[in-house]
Amino acid sequence: MTHVARVEPITHKRGDKLFISGWRVVDVTVPDAPQELSQHENEPQAIEAARNFEAKTAQELDSSPDDTQDYDASDPQAGKRFSR
């Protein structure tokens with residue numbers, strides 16, 4: 001089964017300010033039971049880890065293809081399905 005990962009900030013509140021101290025990758029395949037997979041110093045590292053995790057699990061048996069992930073953002077029609 002293909003797993004779904006989410007990248008979210010690690011935040012700390014001081015007074016009325018919110019500080020981001022890092023980024024975490026969370027497995028949200030089961031929405032009611034998210035599991036933290038890793039923590040990173042910056043967002044690009046966390047995004048790469050999330051993509052690697054999803055790509056790795058996409059190779060497992062019974063995984064359905066994900067045709068909208070990591071599409072070319074410069075193509076305005078990418079990731080969209082059109083029915084005729």
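Would you check if Glu8 is touching a strand residue (DSSP E or B) at 6+ places or on another chain (Cβ under 8 Å), open to solvent by less than 60 Å² (accessible area, probe 1.4 Å) and modelled with pLDDT under 90?
no
To keep it simple, each residue is scored yes or no on (1) touching a helix residue (DSSP H, G or I) at 6+ places or on another chain (Cβ under 7 Å); (2) modelled with pLDDT under 95; (3) among the basic types (Lys, Arg).
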site	(1), (2), (3)
Val28	no, yes, no
Ala33	no, yes, no
Gln39	no, no, no
Lys56	no, yes, yes
Asp70	yes, yes, no
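Sort out which residues of the range 11-54 are aliphatic (A, V, I, L, M), open to solvent by less than 90 Å² (accessible area, probe 1.4 Å) and touching a Ser or Thr at 6+ places or on another chain (Cβ under 8 Å), and write them in order of number.
Val25, Ala46, Ala49
The values are calculated or read from the model by the stated rules, or taken from the named source; none is laboratory data. Note that the coordinates shown come from a computational prediction; the quantities given were computed from them, not determined experimentally. Positions of Cβ are generated from backbone atoms using ideal geometry, with glycine treated the same way; all protein chains shown enter the neighbour counts. Ligands, DNA and RNA are stripped out before the accessible areas are found, and what is left, the full protein with its side chains, is counted by its heavy atoms. Shrake-Rupley method; radii C 1.70, N 1.55, O 1.52, S 1.80 Å.
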